[in-house]
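Written below as structure tokens is the structure these notes are about.
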Amino acid sequence: MAITELAELAEILKLTDEEKSWNPEGPDTLPLLISDDIKDLLDNPAIRRQFVPSAEENNDDEGNPDPQEEAKHSGTERLVHRYTNRAAFKTTDRCFAYCRHCFRRRFTGHLSGPASEAEIREAAEYIAKHREIREVLLTGGDFFTLSDSHIDMLLSIFRSTCPSVILRLCTRAVAVYPERFTENLMAIIRKHRDGAPMFLMTQFNHPAELTDKAIKAVAGFVDMGIPAFNQSVLLKGVNDDEDTLIELSDKLLMARIKPYYLFQGDPVKGTKHLRVDIERGLEIEKNLRRSLSGLGMPQYTADLPRGGGKVILTHSYLEGKTEKDGRIRYIFTTPEGETRSYPD
Ligand SMILES: *Cc1c(COP(=O)(O)O)cnc(C)c1O
Ligand code: SF4
């Protein structure tokens, strides 16, 4: 049974006064919900910080409840069509556990519930009509909070209405509720697997989340020919150090999950205490690149406010260029700090 009450949590854990003074009625707040699998990991401060609310959420007067202005870039009610060739379909607002850093907290957990069959048809038809859309992100909330029959219905509608569109199954459930991936559910996925590829998009932020059960849940997809990619969020006090991120990357690769993005925390109201300065983020990125293989290296990325879209944040190795006798040479600093020039 999942935890939904602060009082219940206060008993199970020795909540600090600070944690206890979180106001669940505060503006733009996110409900409290912690799955049993996460409950078992709460002794780890890096896990606790992601799921146990703090009074600091109420004291953030800087952020914006919807910095991406997703509401303004909607194709249909739940479809965010911000990039020409791909769209995100918010299948539900529910998750199995709510992450305190959630950037969709204006939408998440606010009881709009799963998309109805009519809304699913409307989205699939919008996608079929906009032939430039090549990929659809089935996101939320968490896609896998939908019931087996709802998932079956949704995938049937998408596969028949827009069969050539790649589907990204976006979920944190493999980390927070791996039991969800039952034989019955996996059989439904297998039924819809053929045709345009599916990709599993996970969110693991800390190596401790990669439990044996979580790894097994992901393996169910990869064994079926559905590659797995991970999107982490850079979070203060959770994973804002190189050693943790290197261990996370190693564990992801060993679980056949490609580290894809490392997101800069969006300036969402209520999450200020979890954000890392971009300057420090860039330093982490630089250090990671020295330690990780290309396969293990995620792209450090910011989602720009007001629907600006994602941009890669990276330390620049290009220092400038020189021109001599009409020949251009580019000047680089190597990751080890040496200088090299590169003829054009
Ligand atoms: C992030 C995002 C995507 C996918 O972007 P990629 O860079 O291809 O992973 C698509 N639509 C929306 C609205 C997004 O926020
Ligand atoms: S799983 Fe995703 S949508 Fe749900 S609370 Fe966490 S970050 Fe938000």
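The values are calculated or read from the model by the stated rules, or taken from the named source; none is laboratory data. Remember, predicted model here, so these are calculated numbers, not experimental data. Every residue, glycine among them, receives a Cβ derived from its backbone with ideal geometry; neighbour counts consider all protein chains shown. These area figures cover heavy atoms from the full protein model, side chains too; ligands, DNA and RNA do not enter into them. Shrake-Rupley method; radii C 1.70, N 1.55, O 1.52, S 1.80 Å.
Numbers for the structure displayed
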| quantity | calculated |
| --- | --- |
| Accessible surface, per residue, of the chain when the full set of protein chains is kept, probe 1.4 Å, Å² | 47 |
| Neighbourhood net charge (10 Å Cβ-Cβ; Lys/Arg +1, Asp/Glu -1) for Thr333 | -2 |
| Residue order for Phe204, Phe332 - accessible surface, 1.4 angstrom probe, largest first | Phe332, Phe204 |
| Accessible heavy-atom area order of Ile331, Ile120, highest first, probe of 1.4 Å | Ile331, Ile120 |
| Distance-filtered residues of region 304-319 - backbone nitrogen under 16 Å, label point 7 angstrom along Asp344 Cα→Cβ | 318-319 |
| All lysines inside 26 Å of Lys20 as judged from Cα atoms, apart from same-chain residues fewer than 8 positions distant | Lys39, Lys236, Lys269, Lys272 |
| Theoretical ellipticity at 222 nm over the chain - DSSP helices of four or more residues, -39500 (n - 2.57) apiece, nearest 500 | -8500 deg cm²/dmol |
| Efficiency of FRET from Cβ geometry, Asp212 and Ile246, R₀ 22 Å, rounded to 0.05 | 0.60 |
| Fully extended contour minus Cα-Cα distance, from Glu25 to Arg329, at 0.36 nm per residue | 103.5 nm |
| Residues of region 274-295 with amide N under 18 Å of the 7 Å Cα→Cβ point at Tyr317 | 282-295 |
| Computed over region 6-312: relative contact order in percent, which uses C-alpha pairs under 8 Å that are six or more apart | 19 |
| Those GluC sites (Glu not before Pro) in region 305-344 that DSSP places in a loop and that have at most 12 other beta carbons within 10 Å | Glu336, Glu338 |
| Nearest-10 value in Å² for the accessible area of Ser341, using the 1.4 Å probe | 50 |
| Whole-percent carbon and sulfur share, accessible surface of region 140-250, 1.4 Å | 52 |
| Once the Cα gyration tensor of the chain is diagonalised, semi-axes √(5λ) in Å | 33, 27, 21 |
| Nearest-10 value in Å² for the accessible area of Thr161, using the 1.4 Å probe | 40 |
| Chain lengthening between Lys129 and Thr84 when straightened (0.36 nm per residue, less Cα-Cα) | 14.9 nm |
| Charge sum, other residues only, whose C-beta stays under 11 Å from Ala187's C-beta, Lys/Arg counted +1 and Asp/Glu -1 | 0 |
| Carbon + sulfur, % of accessible area of region 88-129 - ligands and nucleic acids excluded, 1.4 Å | 55 |
| Loop trypsin sites (Lys or Arg not before Pro), region 1-108, which have at most 15 other Cβ atoms in a 10 Å radius of their Cβ (DSSP) | Lys14 |
| Summed side-chain charge close to His206 - residues other than His206 whose Cβ falls under 10 Å, Lys, Arg +1, Asp, Glu -1 | 0 |
| Sparse-neighbourhood loop sites, GluC sites (Glu not before Pro) in region 15-50 - DSSP loop, at most 15 other Cβ within 10 angstrom | Glu25 |
| Which of Ala228, Ile284, Asn44, positive extreme of dipole for the chain (C-beta unit charges) | Ala228 |
| Region 83-110 and region 40-79: distance between their alpha carbon centers, rounded to Å | 10 |
